[in-house]
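J.: Here it is: the structure, laid out below.
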Amino acid sequence: MAQYAIMRFAKQKGGFGALEAHHERTKAKYVSNPDIKIERSRYNFHIVKPEKSYRQESDSRIAEAGCKTRKDSVRFVDTLITASPEFFKGKKREGISAYFGTAVEFLSKKIGKDNIITAVVHLDEKTPHMHLCFTPITDDGRLSAKDIIGNRTQLTKWQDEFFNHMVRKYPDLERGKSASRTGRRHIPTRLFKQAVSLSKQATHITAILDGIKPLNAGKKRDEILALLNKFFPKMEAFETQLKKYGRELNLLTKENISLKKRVNNAEKSSIPKQLEDAKLRVEYDALQTFVDKLPEDIKREARAQAEKLRDYQR
């Protein structure tokens, strides 16, 4: 089965606190990410550990370089480094650490070791991965993520260089197809996790609906309304995010129909990942079906209550 080295960038203009809480595991619970096993967070480790908060680390680097900033400046870049799950099978902590250490060596050369704010490895989710945050300061002292990361053509070059660096030490790795060649953007992992979380809520609400009887109808109705008051705002936010990836979702729909027919041909090694991606569309369609099948009176009341709550919070 194919094993890929994976590197993704996410430009950040702010949001230091939320990302730091996630990366450094400073919260006692992570409801939005059910994949995190907080009891395993003690096994996470740093390759580069920040001495101060992410904001302080970034601000000090920007000030030291004398960079000019604007309100919309990208102040740091969150880089996700990982590999296909198969790559990590059988590897102990030392082997996992060596892989991510090799990745840090590559980024240190590309963006400057002193620009790295943190590099923390998470072992408390399904697949080991590293979040490396850096301040995008150019060699001539400018704050410019655009110049460092660049456009799609430059991103392809980044991916080529990253693969070439990693494959020297890990010859079993393969180079995946880049977005610039496939014309397809990466769909953020958080959307897959949101779909799974919403599907679990929908299943729970459906079970309560199925259990309504004349004697418990009033109590169950109140319980369902309370759950829907939480479900609808999250569902709306989820749909808003999905709209940005309309083309990708349409591709996923077509793939979901055809991929299973091809599992025995020469492309077998890439099928599991494609099938997993295609599940997002399936989950979304199932959620829409769930909403459509809700009793109209309950749906109207739940949406009305959610709207009142939004107006109150404004």
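J.: Mind ranking 98-105, 118-125 by how tightly packed they are, going by the mean number of other C-beta atoms within 10 angstrom, highest first?
T.: Values: 98-105: 17.8, 118-125: 20.8.
Going by the mean number of other Cβ atoms within 10 Å, highest first, we get 118-125, 98-105.
J.: If you average the C-alpha positions of segment 197-216 and of segment 218-238 separately, how far apart do those two centres end up, in angstrom?
T.: Between the Cα centre of segment 197-216 and that of segment 218-238, the gap is 11 Å.
J.: Would you mind checking K11/K71; K126/K193; K49/K193 for any pair whose Cα atoms are more than 18 angstrom apart? Present the calculation step by step, with values, prior to reporting the outcome.
T.: Details: K11/K71 14 Å; K126/K193 12 Å; K49/K193 27 Å.
Those over the limit are K49/K193.
Values in this text are rule-based calculations from the coordinates and carry no lab data. The structure presented is a predicted model; accordingly, all values stated were derived computationally and were not measured. We place every Cβ from the backbone using ideal geometry, glycine too, and count neighbours over all the protein chains shown.
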